[in-house]
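Novice: My questions all concern the structure below.
The values are calculated or read from the model by the stated rules, or taken from the named source; none is laboratory data. For clarity, every value in this text was computed on a predicted model and none was experimentally measured. A quick note on method: Cβ atoms are made from the backbone with ideal geometry, for glycine too, and the neighbour counts reach across all protein chains shown.
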């Protein structure tokens, strides 16, 4: 870990020290991160571009799961994708998207800014998290109306003021919705899968 910290310091220091020092520091930082991941049993290919303010990393973890991460650039965005051996895919950041097979009867507020999507094909489970630009009360009303319209039966409802939890069932599936106040908007967390 101290090697990573030292490399990160050198990377920052070299940003003002000219192109040659910058290139050497970028390469040293890349190698330090790759060695750190290898020490834990994984592999990684790391690429820094201090001029663009970006980093890209691809590899596998100790369990053989593949991952890909991009940081920096446009609005300092972070994009992360991991594919596990059982086919579970986790995406976080600007490129997180609902998959084509996301159930059409599971309500999602218009304009939800996705932060995380996880799909487990083997378990037929979906997890979604994002921010809706609507107040908490409006988000809760949306789910109560839209879930019922799609045939979901509400089985549990808890209102904790700045947090609400709703659970629905339909056929042999369960839809769990957690809503939390975040500024003027609402963080929406969904979990959908078999009962």
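Novice: Looking only at the stretch 59-71, which residues are surrounded by 15 or more Cβ atoms within 10 Å (Cβ to Cβ) and assigned to a loop (DSSP other than H, G, I, E, B)?
Specialist: 61, 65
Novice: Whether any residue in the stretch 13-25 is crowded, with 18+ Cβ neighbours inside 10 Å, farther than 19 Å from residue 69 by Cα and modelled with pLDDT under 50 is what I want to check.
Specialist: yes
Novice: So residue 36 fits all but one of (1) in a strand (DSSP E or B); (2) surrounded by 14 or more Cβ atoms within 10 Å (Cβ to Cβ); (3) modelled with pLDDT of 80 or more; what number is the exception?
Specialist: Against the list (1) in a strand (DSSP E or B); (2) surrounded by 14 or more Cβ atoms within 10 Å (Cβ to Cβ); (3) modelled with pLDDT of 80 or more, residue 36 comes up short only on (1).
Novice: Could you tell me which of the residues 183, 130 is without any contact (Cβ under 8 Å) to a residue 24 or more places away in the chain and either in contact with a helix residue (DSSP H, G or I) (Cβ under 8 Å, 6 or more places away or on another chain) or within 21 Å of residue 78 (Cβ to Cβ) (or both)?
Specialist: 183
Novice: If you check residue 164 against the conditions, is it in contact (Cβ under 8 Å) with a residue 24 or more places away in the chain, more than 22 Å from residue 119 (Cα to Cα), in a strand (DSSP E or B) and touching a strand residue (DSSP E or B) at 6+ places or on another chain (Cβ under 6 Å)? Full working, then the answer.
Specialist: Details: in contact (Cβ under 8 Å) with a residue 24 or more places away in the chain: yes; more than 22 Å from residue 119 (Cα to Cα): yes; in a strand (DSSP E or B): yes; touching a strand residue (DSSP E or B) at 6+ places or on another chain (Cβ under 6 Å): yes.
Against the criterion (in contact (Cβ under 8 Å) with a residue 24 or more places away in the chain, more than 22 Å from residue 119 (Cα to Cα), in a strand (DSSP E or B) and touching a strand residue (DSSP E or B) at 6+ places or on another chain (Cβ under 6 Å)), residue 164 qualifies.
Novice: Then there's this: Can you report the number of residues in the stretch 81-100 which are touching a residue at least 12 places away in the same chain (Cβ under 8 Å) and not in a strand (DSSP E or B)?
Specialist: Of the stretch 81-100, the ones touching a residue at least 12 places away in the same chain (Cβ under 8 Å) are 81-99.
From the residues that got through so far, the ones that are not in a strand (DSSP E or B) too are 84-88, 94-99.
Within the stretch 81-100, residues that are touching a residue at least 12 places away in the same chain (Cβ under 8 Å) and not in a strand (DSSP E or B) number 11.
Novice: Looking at the structure I just gave you, is residue 153 modelled with pLDDT of 95 or more and surrounded by 15 or more Cβ atoms within 10 Å (Cβ to Cβ)?
Specialist: Working: modelled with pLDDT of 95 or more: yes; surrounded by 15 or more Cβ atoms within 10 Å (Cβ to Cβ): no.
For residue 153, the condition - modelled with pLDDT of 95 or more and surrounded by 15 or more Cβ atoms within 10 Å (Cβ to Cβ) - is not met.
Novice: Ok, one more. Which one of 74, 86, 105, 110 is modelled with pLDDT under 85 and either touching a strand residue (DSSP E or B) at 6+ places or on another chain (Cβ under 8 Å) or loosely packed, with under 15 Cβ neighbours inside 10 Å (or both)?
Specialist: 74
Novice: I need the full set of residues from the stretch 113-134 which are in contact with a strand residue (DSSP E or B) (Cβ under 9 Å, 6 or more places away or on another chain) and not in a strand (DSSP E or B), in order please.
Specialist: Listed by number, the residues that qualify are 121, 123, 124, 133, 134.
Novice: Now a separate question. Here are some residues: 139, 148. Which one is touching a residue at least 24 places away in the same chain (Cβ under 8 Å) and farther than 20 Å from residue 101 by Cβ?
Specialist: None of the others qualify; the one that does is 139.
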